[in-house]
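Here the structure is laid out as structure tokens; the discussion comes afterwards.
The values are calculated or read from the model by the stated rules, or taken from the named source; none is laboratory data. Small disclaimer: the values here were computed from a predicted structure and weren't measured. Methodologically, a virtual Cβ is constructed for each residue, glycine included, from the backbone with ideal geometry; neighbour enumeration extends over all protein chains shown.
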Amino acid sequence: MHKIKNTIAENFGGAASELGSRQFKLDDCPDLSGKVAVVTGGSEGIGFAVAYTLLKHNLSKLYIISVSRDVANGAKGVLVKELGQSAADRTIWMECDLADWFRVKDVAEAIKRVNERLDILVNNAGRGIMTAELTPLGVDRHMAVNHIGHVVLTSHLLPLLRRTAEQGSIVRISNQASNLHNKAPSNTKFASLDEINTDVGSNGQYARSKLAVLLYARYFARKVTKNGYPNVLMNATHPGFVSSKQSRKDIFEPFPAGGYAMSHGIEPFKKDQFEGSVPTVYAATVTNDSGQYICPPAIPEEGSAQSQSEELAERLMELTRNIVREKTRSESVEKGCPFDDLVLH
């Protein structure tokens, strides 16, 4: 019964969240005065709800990284209307497609140049359940955006995150995973680029990338948090079934007919974007643990057997390093950018 109640709380909105064994509400977010944050995908959906909550609790500066200026301007208009001009003025929008790792690097370096601290990094932007597609760099777009792009961003920001922790602060990184990680192909090895570029279906593509997101958080906890930086924390989260552009519109791209069940059939039971942001806000502002998989409202779960495999995590990060090195060699490695150090931390 206990497990059933948690499952309901983790996935559905409204009063269902009250069934969870550990509670957290957005109003429990602490005062964030003096702190600086970065949120990818922070201009819509769950990312916007996270950004809104951080600003509502007095965050001093917020970088929103997303792809659409129009969407970002719309989000800023909502902030002005609901939180006031001063809150909106504390945001800085930076255009970036997480699949463009050159741009990711430039954005991270620009943030580092003008800031003395970075307290919160929310790796939220992502590609949902959609058909397989290769990026211009020749990498599966789900993996390129959901996992590798955020590894590149985090790695370039890591010196600033470490410096902030050395000043006595707890630095928190939250990665957006999903309970669908347990639907990743059972033969996933993360052994080669050819493997992750193999089309395993829309659900499989998404699930495999979310497995990578969770493995990265646990890898980071071992390699960084437990290896000299106890105040630099990384956790992965599951938002539950959330009413978002991904679940209402994008789902029709891979499933023109079958997408109706997701877009409309379970719509009354979905969470809104603020309910979906709860575990991320908890991971980004409150938790003192690292390497956890946090489900709504704030419940640590084990995740799948694959997600607990240190061997699989090691192979994933070795492959990540090799892909980034190879695909960015002309603009990074050959020009002195130490991607080996960055991706390995």
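One line per residue, one yes/no per condition, for (1) assigned to a helix (DSSP H, G or I); (2) modelled with pLDDT of 95 or more; (3) crowded, with 18+ Cβ neighbours inside 10 Å:
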| site | (1), (2), (3) |
| --- | --- |
| Tyr260 | yes, no, no |
| Phe274 | yes, no, no |
| Asp289 | no, yes, no |
| Ile294 | no, yes, yes |
| Ser307 | yes, yes, yes |
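Out of curiosity, is Ala313 of a type outside the set (D, E, K, R), free of Cβ contacts under 8 Å to residues at least 12 places away in the same chain and farther than 27 Å from Asp27 by Cα? Walk me through it before giving the result.
Numbers: of a type outside the set (D, E, K, R): yes; free of Cβ contacts under 8 Å to residues at least 12 places away in the same chain: no; farther than 27 Å from Asp27 by Cα: yes.
No, not satisfied.
Here's the yes/no breakdown for (1) over 26 Å from Leu180 (Cα atoms); (2) of a type in the set (Lys, Arg); (3) free of Cβ contacts under 8 Å to residues at least 40 places away in the same chain:
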position: Ser60; (1), (2), (3): yes, no, yes
position: Tyr63; (1), (2), (3): yes, no, no
position: Arg69; (1), (2), (3): yes, yes, yes
position: Asp97; (1), (2), (3): no, no, no
position: Asn123; (1), (2), (3): no, no, no
position: Gly126; (1), (2), (3): no, no, no
position: Val152; (1), (2), (3): no, no, no
| Qualifying residue in segment 27-40 (condition: outside any loop (DSSP other than H, G, I, E, B) and without any contact (Cβ under 8 Å) to a residue 60 or more places away in the chain) | yes
| note | Flagged in segment 193-207 as in a helix (DSSP H, G or I) and touching a residue at least 12 places away in the same chain (Cβ under 8 Å), in numbering order, are Leu193, Ile196, Ser202, Asn203, Gly204, Gln205, Tyr206, Ala207
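Quick check on segment 70-105: of everything there that is in contact with a strand residue (DSSP E or B) (Cβ under 6 Å, 6 or more places away or on another chain) and assigned to a loop (DSSP other than H, G, I, E, B), which residue is surrounded by the most Cβ atoms within 10 Å (Cβ to Cβ)?
Here is the first cut: in segment 70-105, the ones in contact with a strand residue (DSSP E or B) (Cβ under 6 Å, 6 or more places away or on another chain) are 72, 90-94, 96.
Next cut, assigned to a loop (DSSP other than H, G, I, E, B) only: 90, 96.
On the way: Arg90: 18, Cys96: 21.
Only one residue fits best here, namely Cys96.
Arg248: modelled with pLDDT under 50, of a type outside the set (A, V, I, L, M) and surrounded by 14 or more Cβ atoms within 10 Å (Cβ to Cβ), yes or no? Quick ask: steps written out before the conclusion?
Details: modelled with pLDDT under 50: yes; of a type outside the set (A, V, I, L, M): yes; surrounded by 14 or more Cβ atoms within 10 Å (Cβ to Cβ): yes.
When the stated conditions are applied, Arg248 passes them.
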| field | Qualifying residues in segment 146-171 (those that are more than 21 Å from Tyr282 (Cα to Cα) and polar (S, T, N, Q)) - the one surrounded by the most Cβ atoms within 10 Å (Cβ to Cβ) | value | Ser155
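May I ask you to say which residue of Val67, Val39 is modelled with pLDDT of 95 or more, closer than 30 Å to Arg329 by Cα, surrounded by fewer than 22 Cβ atoms within 10 Å (Cβ to Cβ) and out of contact with any Lys or Arg (no Cβ under 7 Å at 6 or more places or on another chain)? Walk me through how you get there before you give the answer.
On the way: Val39 fails: surrounded by fewer than 22 Cβ atoms within 10 Å (Cβ to Cβ).
Matching residue, one of Val67, Val39: Val67.
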